[in-house]
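A short reminder: the numbers here are calculations on the coordinates, not readings from a lab. It should be emphasised that the depicted structure is a prediction, and the values quoted were computed from it without experimental measurement.
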Amino acid sequence: MDNAKNPIYARNTLEFVTVALEYCAFVEKAGEKGRFPFVDKATKLLPLLYLKAVLLPDVETDDFFEPEMCITEEMYESVRTEIASVMEDKDTYLDTFHTDMAYSDTPIAASISENLADVYQDVGNFVSLFREGNEEVMLQAIALCSQNFREYWGQQVLNALKALHSLRYGDETLRDENEER
């Protein structure tokens with residue numbers, strides 16, 4: 001395939017790869033700075049990740065493609081736990097978009113750490129597959145990531161972002177934490 005027309009080398013794909021790598025590095029090191037810096041960067045990085053995912057080129061999926069996923073349950077749990085420890089009592093929020101909400105009279109609790117770890121799982125697997133350098137695998141990684149974004153992790157980004165936005169711009173204790181630094 002001609003590189004000029006190959007979705008692997010499209011500007012939007014390469015920009016998504018760049019943001020995806022930054023996101024993975026960010027959540028893997030979530031506990032290194034503190035809550036306010038984490039929330040501040042997340043409110044900037046998540047919209048960019050969402051936008052770049054929306055702009056990924058359309059790639060036809062191969063129904064027989066079964067990728068080897070590299071993000072293990074231990075890696076997922078490590079990221080989730082790290083974020084939860086940074087967020088502490090601010091990790092949980094009420095989720096109005098939860099699928100079980102249609103059957104519930106009470107709000108459903110969700111967590112920022114779980115949302116972000118779910119995104120990490122799909123985005124990290126994409127990055128791992130893309131790094132293989134095999135063009136067929138790379139094409140299918142784009143297709144799979146786009147599909148998972150539309151069906152699942154795009155909503156996880158938005159849910160977490162809504163909660164993070166509320167903390168970043170509406171929670172005085174979080175602002176006070178930053179001013180104490």
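GLU88 to GLU172: extension gain in nm, 0.36 nm per residue of separation minus the Cα-Cα distance?
Full extension from GLU88 to GLU172 adds 28.7 nm.
Please give the helix 112-131 orientation as an angle from the longest Cα principal axis of the chain, in degrees from 0 to 90, rounded to the nearest 10.
20
Can you list, largest first and rounded to whole Å, the semi-axes you get for the range 7-180 by taking the square root of 5 times each eigenvalue of its Cα gyration tensor?
29, 18, 14
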